[in-house]
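Enquirer: First the structure, which I've put down as structure tokens, then a few questions once you've had a look.
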Amino acid sequence: MKNNIVVVDKEKYKVINVSLIMPLSTEELKILPYLNTLFPKTDLFFEITKEKVTIYLREIDLKLFKDKVKELIKMYNLSPVENVFVQIINSIEAIKSYGLKGKKRLYVDYDKERKVKQRKQKEIRRGKFYYALDHNFSRKNNLFPLEYTNKIICGDSEEILKKLPDNCVDLIFTSPPYNFGLEYETHKDEVKWNEYFDKLFAIFKECIRVLKFGGRIVVNVQPLFSDYIPIHHIISNFFMNNKLIWKGEILWDKHNYNCKYTAWGSWKSPSNPYLKYTWEFLEVFCKGDLKHRGDITKADITADEFKKWVYAKWDIAPEKDMNKWGHPAMFPEELTKRVIKMFSFENDVILDPFNGVGTTTKVAKELNRKFLGIDISEEYCKKAEERLMIMGQELVDSKDEIKSGNRSKSNKESKSRALPLFDNVENDKS
Ligand SMILES: C[S@@+](CC[C@H](N)C(=O)[O-])C[C@H]1O[C@@H](n2cnc3c(N)ncnc32)[C@H](O)[C@@H]1O
């Protein structure tokens, strides 16, 4: 038996022994074999002796397993705390190394990767992120100024950011305008591409300057495929030329399959087929160091979230409340939550230089981070403020409800859901 792994009927299983303090009751002796019939043998099975129950475990939907056990315990009138199933569930939960596939936890072969020998030495010989090694970034980080802390500021980010000191922001998460021609309140979203990039890069230069040594910038971007402009590559080259380390790329799959599949002259012909995309990109860059230093007790990502999210394809529906907030290109809160929890600690400073109606700032506040949101539109800034206020009020209300014992109708439940504005537009942010 290697690492408690055995092979039974050509399948590998992790073996867990649960010692019995007292003999199993008649009910437990009935339920255990019954459980064997509820879950396929290729998931898990039990062997029972007088001294122990042996669990052979390959994979399991732990929630389903717990639900079934709960039902059976109730049906057989067993004590909910003193029974062998509590021991079984506890010992399965105590295993910290597992993979995730859908709702199931995988306990064998989930980490089967092609192993490279002498990986470290080979990396050194190849020269990893060679393009960012000769940077001149100072390692001295500065405090974020109090007058900009937890603020929404209306203005041109290029100008506003100049007022911040170097090295004072932990994480920048943003989605710039994509130059698609969307109807923003103030910003003109349809200029010559070189003009677009000149302005974008002037703002990104400031972003790099204000980012701490070891800080991250995550840029959500979707290329304008119909113009054949790979914005995500152009932006990545910009950051790499400015000595940031490209940490990776997350695919945000929105599954919005409502785009058209035909165009004149391209239907069912190799002459000029037009490729379709249901996803956007999140490009992740680090300044100076891949590691972001912080207090580990302030990491709030759970084990399951971490395992799920480091798999860099995120299936998240587009934002549904764009009508409600009157903004044509919001990203959803779930996307923002994942980025913030994965790349920053509680109390870190989060900046969004294209804050729109404030999704980043709202989620940052919810997650106990400090924040600064900048947008050129006064209207959007007001909405961003409003979202912060509503959130603050919701917190007060829910505290009052808990105090008064009335938890039945939360504000969240009563929120109306508006239809997305841009569902049918190609290359949209919805
Ligand atoms: C894609 S939207 C961001 C939406 C945001 N993520 C949200 O969820 O609400 C881009 C935003 O950039 C703003 N913007 C454009 N040029 C700007 C500039 N120079 N400085 C600051 N904001 C700008 C636009 O007003 C627009 O709201």
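The values are calculated or read from the model by the stated rules, or taken from the named source; none is laboratory data. Please read all numbers here as calculations on a predicted model, not as lab measurements. Using ideal geometry, Cβ is built from the backbone for each residue, glycine included, and neighbour counts are taken over all protein chains shown.
Enquirer: Considering only the range 293-349, state which residues are hydroxyl-bearing (Ser, Thr, Tyr) and over 10 Å from the mean Cα position of the chain (by Cα).
Expert: Matches in the range 293-349: 297, 302, 344.
Enquirer: Is it true that some residue in the range 316-339 is farther than 25 Å from residue 177 by Cβ and either in contact with a Phe, Trp or Tyr (Cβ under 9 Å, 6 or more places away or on another chain) or within 13 Å of the ligand (Cβ to nearest atom) (or both)?
Expert: Initially, the range 316-339 is screened for residues farther than 25 Å from residue 177 by Cβ, giving none.
The answer is no, given that none of the residues of the range 316-339 is farther than 25 Å from residue 177 by Cβ and either in contact with a Phe, Trp or Tyr (Cβ under 9 Å, 6 or more places away or on another chain) or within 13 Å of the ligand (Cβ to nearest atom) (or both).
Enquirer: Which residue, of 175, 226, is of a type in the set (S, T, N, Q), within 15 Å of the ligand (Cβ to nearest atom) and either at pLDDT below 95 or buried (at least 20 other Cβ atoms within 10 Å of the Cβ) (or both)?
Expert: Sole residue among the options that is of a type in the set (S, T, N, Q), within 15 Å of the ligand (Cβ to nearest atom) and either at pLDDT below 95 or buried (at least 20 other Cβ atoms within 10 Å of the Cβ) (or both): 175.
Enquirer: Going by the conditions given, is residue 158 charged (D, E, K, R) and either outside any helix (DSSP H, G or I) or within 10 Å of the ligand (Cβ to nearest atom) (or both)?
Expert: So residue 158 passes the test.
Enquirer: Quick check, is residue 320 touching a residue at least 40 places away in the same chain (Cβ under 8 Å), farther than 25 Å from residue 213 by Cβ and surrounded by fewer than 19 Cβ atoms within 10 Å (Cβ to Cβ)? Break it down stepwise before answering.
Expert: Working: touching a residue at least 40 places away in the same chain (Cβ under 8 Å): yes; farther than 25 Å from residue 213 by Cβ: yes; surrounded by fewer than 19 Cβ atoms within 10 Å (Cβ to Cβ): yes.
Yes.
Enquirer: Something else: Can you tell which of 239, 213, 204 is more than 14 Å from the ligand (Cβ to nearest atom), over 30 Å from residue 273 (Cβ atoms), at pLDDT 95 or above and in a helix (DSSP H, G or I)?
Expert: Criteria check complete, one pass: 239.
Enquirer: For residue 119, work out the one condition from (1) under 26 Å from the mean Cα position of the chain (by Cα); (2) not assigned by TED's automatic domain parsing to the domain that holds residue 310 it doesn't fulfil.
Expert: (1)
Enquirer: Here's another thing I want to ask about it. Tell me, which strands (runs of 3 or more DSSP E) wholly within the range 1-70 include 3 or more residues that are touching a Lys or Arg at 6+ places or on another chain (Cβ under 9 Å) and over 15 Å from residue 106 (Cβ atoms)?
Expert: Per the criteria, 11-19.
Enquirer: I would also like to ask the following. Pairs, please: C-beta under 7 Å, at least 6 apart or cross-chain, first residue on the phi > 0 side of the Ramachandran plot and assigned by TED's automatic domain parsing to the domain that holds residue 322 and in the range 174-198, second of a type in the set (D, E, K, R) and within 12 Å of the ligand (Cβ to nearest atom)?
Expert: Here the result reads 179/189; 181/189, each pair linking the range 174-198 to a residue that is of a type in the set (D, E, K, R) and within 12 Å of the ligand (Cβ to nearest atom).
Enquirer: Also, I was wondering about something else. Only one of (1) within 16 Å of the ligand (Cβ to nearest atom); (2) without any contact (Cβ under 8 Å) to a residue 24 or more places away in the chain is not met by residue 127, so which one is it?
Expert: The failed condition is (1).
Enquirer: Something else: Could you check the range 353-391 and list, in sequence order, the residues that are more than 7 Å from the ligand (Cβ to nearest atom) and part of a strand (DSSP E or B)?
Expert: Kept after step one, since they are more than 7 Å from the ligand (Cβ to nearest atom), are these residues of the range 353-391: 361-373, 378-379, 381-391.
Selection gives 370, 371, 372, 373.
Enquirer: Where the second residue is surrounded by fewer than 13 Cβ atoms within 10 Å (Cβ to Cβ) and of a type outside the set (A, V, I, L, M) and the first is at negative phi and lies in the range 374-396, which pairs have Cβ atoms under 6 Å and are six or more apart or on separate chains?
Expert: Pairs that qualify, where the first residue is at negative phi and the partner is surrounded by fewer than 13 Cβ atoms within 10 Å (Cβ to Cβ) and of a type outside the set (A, V, I, L, M), are 376/186; 377/186.
Enquirer: Now for a different question. Looking at the range 111-120, can you tell me whether even one residue there is of a type in the set (Asp, Glu) and under 30 Å from residue 284 (Cα atoms)?
Expert: Yes, the range 111-120 contains at least one residue that is of a type in the set (Asp, Glu) and under 30 Å from residue 284 (Cα atoms).
Enquirer: Based on this model, can you work out whether residue 385 counts as at pLDDT 95 or above, farther than 20 Å from residue 185 by Cα, of a type in the set (Asp, Glu) and assigned by TED's automatic domain parsing to the domain that holds residue 175? Steps first, please.
Expert: Details: at pLDDT 95 or above: yes; farther than 20 Å from residue 185 by Cα: no; of a type in the set (Asp, Glu): yes; assigned by TED's automatic domain parsing to the domain that holds residue 175: yes.
So residue 385 fails the test.
Enquirer: Can I ask one more? For the range 126-135, does any single residue satisfy the condition of being at negative phi and in contact with a helix residue (DSSP H, G or I) (Cβ under 8 Å, 6 or more places away or on another chain)? Write out each step before concluding.
Expert: Here is the first cut: in the range 126-135, the residues at negative phi are 126, 128, 130-135.
Going one step further and asking which of them are in contact with a helix residue (DSSP H, G or I) (Cβ under 8 Å, 6 or more places away or on another chain), we end up with 131-132.
Scanning the range 126-135, I find at least one residue that is at negative phi and in contact with a helix residue (DSSP H, G or I) (Cβ under 8 Å, 6 or more places away or on another chain), so the answer is yes.
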